[in-house]
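In what follows, a structure is listed as structure tokens, so that the remarks can point back to it.
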Amino acid sequence: MDKPVRIALIPGDGVGGEVMAEVLPCLEWVKSRGRRLQSLTLPYGADHCLATGETLPEAAFAELRDGCDAILFGAVGDPRLPGGQHAEAILLGLRQGLDLTVNFRPCHAWVSSGQPPFDLEVFRENTEGPYCLQGSTEPGRAVDLAIHTESAVRRLLQTAFQRAEQLGRPLTLAHKANVLKHGHGLWMRVFDSLKPLHPRVSARGMHADALLCALVQDPSPFGVIAADNYLGDLISDLCAAFIGGMGVAPSLSWAPHRPFRCSALAEPVHGSAPDIAGKGLANPVGMFLSTALLFRHLGWEPEAGALEAAVSEALALGARTRDLGGTLSTQAMGTAIRDQLPL
Ligand code: GGG
């Protein structure tokens, strides 16, 4: 019999716990369908940090890295810790510590009514660039270092090329190599070296500013967009606006080279939204769709597809939280989605 998959649940801060609560029954649902799954819930977030001074202790990180297969994450960020150090230590610590190079942010038209429907995928490098947390603030000067390594860039771009090939869609690399000659020059070189290996992919680089303008004017020519950590963050958030906003945008981060047992982290794109936390106003759709991405990563395609179909059907039946113009609470939206799951 297969060993059970071990998933760590980290609800985090703000609305993170509220949206996480809505997908927990989906873990029971996959078990009822014969999937072997164990979960453990970890307390890391602002409350824990304020109570104990701990962000993500080394022993907990080691247990996640070596004792779990994947992480389901809510959100971090809390106004009581305005420097954001705990969020940085937990979320960036996990992304970097687990070498989760690929951040996949699919942007499909779950609720938008554009013609043709918005449909593209962003592959964002997840561990480097200016998010490497190296720099300094000096009198009259501030420095943020952006590090790009060939190994991470190659892993991210290989994954994006493979996906574009699989989908039969064009691949666009967003860059600013005209200004960021060193870092984005490296991205361009690796991109060019991969093109001959994927002759069926229509692949081109595009200055990120021109790309943003083109996306707003007409997103239909784009299929897969690859970018470094910073540009990928911005581009995918813009794309989220086309599909109903941050509340519906899912993501999955993973390590294609599988350096550790724990090789993936699924989380909604949205943050902890402290302004609406505790009011039942958060949209759980991004969390449901992230859970579906995790199921797919684990090889549970029927369950991933069924969960996505349940979201689609609930939305088609008119289920809407306030951010989508409706009146449903987080809990009622969760119920509306789960009601569409097959037994
Ligand atoms: N699920 C993504 C996440 O938690 N990102 C962290 C973040 O953006 N925090 C800032 C905030 O919550 O406002």
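Numbers for the structure displayed
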{"item": "Residue ID - surrounded by the most Cβ atoms within 10 Å (Cβ to Cβ), chosen from residues in the stretch 247-262 that are away from the ligand (no atom under 16 Å from the Cβ) and more than 21 Å from K31 (Cβ to Cβ)", "result": "A255"}
{"item": "Residue within the stretch 133-140 that is at pLDDT 95 or above, under 30 Å from D323 (Cα atoms), open to solvent by 60 Å² or more (accessible area, probe 1.4 Å) and outside the structural domain of R258 (by TED's automatic domain parsing) present", "result": "no"}
{"item": "Close pairs (7 angstrom Cβ cut-off, 6 or more residues apart or separate chains): touching a residue at least 12 places away in the same chain (Cβ under 8 Å) and away from the ligand (no atom under 13 Å from the Cβ) in the stretch 268-293, assigned to a loop (DSSP other than H, G, I, E, B) and open to solvent by 10 Å² or more (accessible area, probe 1.4 Å) anywhere", "result": "G280/S329; V285/W110"}
{"item": "Selection status of L24, free of Cβ contacts under 8 Å to residues at least 40 places away in the same chain, touching a Pro at 6+ places or on another chain (Cβ under 9 Å) and of a type in the set (A, V, I, L, M)", "result": "no"}
{"item": "Subset of the stretch 313-337 (residues that are surrounded by 18 or more Cβ atoms within 10 Å (Cβ to Cβ) and outside any strand (DSSP E or B))", "result": "A314, L315, A319, R320, R322, D323, L324, T330, M333, G334, A336, I337"}
{"item": "Boolean, A87 is hydrophobic (A, V, I, L, M, F, W, C), more than 30 Å from L212 (Cβ to Cβ) and buried (at least 22 other Cβ atoms within 10 Å of the Cβ)", "result": "no"}
{"item": "Where a residue in the stretch 77-96 is without any contact (Cβ under 8 Å) to a residue 12 or more places away in the chain and its partner, wherever it lies, is away from the ligand (no atom under 11 Å from the Cβ) and not charged (D, E, K, R), with Cβ under 6 Å and at least six apart", "result": "none"}
{"item": "Any pair with Cβ under 8 angstrom, 6 or more apart, that starts in the stretch 188-200 at a residue that is closer than 12 Å to L171 by Cα and open to solvent by 50 Å² or more (accessible area, probe 1.4 Å) and ends at one that is modelled with pLDDT of 95 or more and not in a loop (DSSP other than H, G, I, E, B)", "result": "K195/A203; R200/E165"}
{"item": "Some residue of the stretch 112-129 being within 25 Å of D47 (Cα to Cα) and touching a residue at least 12 places away in the same chain (Cβ under 8 Å)", "result": "no"}
{"item": "Of all residues making up the stretch 262-288, the number that are in contact with a Leu (Cβ under 8 Å, 6 or more places away or on another chain), under 20 Å from A332 (Cβ atoms) and hydrophobic (A, V, I, L, M, F, W, C)", "result": "2"}
{"item": "Among (1) in the same structural domain as L231 (by TED's automatic domain parsing); (2) crowded, with 17+ Cβ neighbours inside 10 Å; (3) within 20 Å of the chain's Cα centre (by Cα) - the single one R169 does not satisfy", "result": "(3)"}
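The values are calculated or read from the model by the stated rules, or taken from the named source; none is laboratory data. Everything quoted here is computed from the prediction, not taken from an experiment. Note that each Cβ is placed from the backbone with ideal geometry, even for glycine, and that neighbours are counted across all protein chains shown. These accessible areas exclude ligands, DNA and RNA; they are computed on the full protein's heavy atoms, side chains included. Shrake-Rupley method; radii C 1.70, N 1.55, O 1.52, S 1.80 Å.
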